[in-house]
Amino acid sequence: MDIPVPLKGFENRRLIVRAAGLFTDPKLFVDGALVKPSRGRYFLRNNAGEEIEIRIKYYLLDPIPKIWVDGDIIRLAPPLKIIEYVWLGFIVVLFFFGGIVGIFCAFWAIYFNFRVFRSRLPVFAKFLITGVISALAIVAYLFLGTKATLLIRKYDKRIILW
């Protein structure tokens, strides 16, 4: 997901941030060329030739980063609303009470749900898709948890699982 950065001094230039992936950091592009960071900071020259320091901060599950330009914060997307966090929070129950299988299923569901909520889909579609993702995470949890329990019972008759 490429996001244009509205930065003063870079008019008529394509300043773009590519959102973070699960295994990749966000990337900064100027006029189509990848800018390499130096110790987590990007040093760019604006249209007037002045050097500007840019830092990109992001959180693991939220793919849209925030940008610090000379101490000022630029939000590339509005923060999620309370109702969206509550909707995302339903699957967190698996994370805390589902054991290792629940953590695995909840992590993936939360990751993909954040990406859907940060997309440009209509609101109804976002809630519908994230609901399906959460339901699939619960089904995957039940399936994997059952398989793990049956496997443990098969190989160790001394373990009593409730």
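What follows is calculated from the coordinates using simple rules that are stated; it is not laboratory data. Just so we're clear, the structure is a prediction, and the values are computed from it rather than from any experiment. Neighbour counts are summed over all protein chains in view; Cβ atoms, including those assigned to glycine, are modelled from backbone coordinates with ideal geometry.
Tilt of helix 99-117 relative to the longest C-alpha principal axis of the chain, in degrees (0 to 90, nearest 10)? Computed tilt is about 40 degrees. Highest mean packing comes first when the peptides 31-38, 105-112 are listed by Cβ atoms within 10 Å, giving 105-112, 31-38. Highest mean packing comes first when the peptides 15-21, 130-136 are listed by Cβ atoms within 10 Å, giving 15-21, 130-136. Using the Cβ-Cβ distance between VAL86 and ALA140 with R0 = 22 Å, the FRET efficiency computed as 1/(1 + (r/R0)^6) comes to roughly 0.50. Positive contributions from Lys and Arg (+1) and negative ones from Asp and Glu (-1), summed over other residues with Cβ under 15 Å from the Cβ of GLU84, come out at +4.
In the range 29-80 the Cα-Cα distances spread across 10 Å bins starting at 0 as 21, 53, 24, 2 percent of all pairs. Considering only ILE91, ASN113, ALA140, the residue lying farthest towards the positive end of the dipole of the range 82-155 is ALA140, judged by Cα position with unit charges set on Cβ.
When averaged across all projection directions, what area in nm² does the alpha-carbon convex hull of the range 1-66 cover? Intermediate results must be reported in sequence, preceding the final value.
Working: hull surface 17.8 nm².
Orientation-averaged projected area of the Cα hull: 4.5 nm².
Mean residue ellipticity at 222 nm from the helices of the chain, using -39,500 (n - 2.57) per DSSP H segment of n ≥ 4 over the full residue count, to the nearest 500 deg cm²/dmol? Could the numbers behind the result be given before it?
Working: 4 runs with 66 residues, N = 162.
Theoretical 222 nm ellipticity from helices: -13500 deg cm²/dmol.
Given Cβ point charges of +1 (Lys, Arg) and -1 (Asp, Glu) and nothing else, what value in debye, to the nearest 20, does the dipole of the chain about its Cα centre take? Kindly include the intermediate steps, with their values, before the conclusion.
Numbers: 23 positive and 12 negative charges, 120 e Å.
Computed about the Cα centre, the dipole is about 580 debye.
Sorted largest first, the principal axis extents computed over the alpha-carbon atoms of the range 82-155 equal 49, 18, 13 Å.
When the Cα positions of TYR59, VAL5, ILE74 are compared along the charge dipole of the range 2-75, TYR59 comes out farthest toward the positive end, with charges on each C-beta of Lys, Arg, Asp and Glu. Restricting the chymotrypsin sites (Phe, Trp or Tyr not before Pro) of the range 1-65 to loop positions (DSSP other than H, G, I, E, B) with no more than 10 neighbouring Cβ atoms within 10 Å leaves PHE23.
In the range 90-162, what trypsin sites (Lys or Arg not before Pro) fall in a loop by DSSP, with at most 16 other Cβ atoms inside 10 Å? Walk me through the numbers before you get to the answer.
Details: sites: ARG115, ARG118, ARG120, LYS126, LYS147, ARG153, LYS154, LYS157, ARG158; in loops: ARG118, ARG120, LYS157, ARG158.
In loop regions of the range 90-162 (DSSP not H, G, I, E or B), the sparsely surrounded trypsin sites (Lys or Arg not before Pro) are ARG120, LYS157, ARG158.
Charged side chains reduced to their Cβ positions (Lys and Arg at +1, Asp and Glu at -1) give the range 2-75 a dipole of some 160 debye around its Cα centre. Electrostatic bookkeeping for ASN46 treats Lys and Arg as +1 and Asp and Glu as -1; over the other residues with beta carbon under 12 Å from its beta carbon, the sum is -2. Sites count as exposed loop sites when they are GluC sites (Glu not before Pro), lie in a DSSP loop, and have at most 15 other Cβ atoms within 10 angstrom; the longest stretch of the chain without one is 51-162.
Rounded to the nearest Hz, the phi-derived 3J(HN,Hα) couplings of the range 80-93 under the Karplus curve 6.51 cos²θ - 1.76 cosθ + 1.60 (θ = phi - 60°) are 5, 7, 4, 4, 5, 5, 5, 4, 5, x, 4, 6, 5, 4, where x marks glycine and proline. Shape annotation for the chain: C-alpha extents along the principal axes are 74, 36, 25 Å, from largest to smallest.
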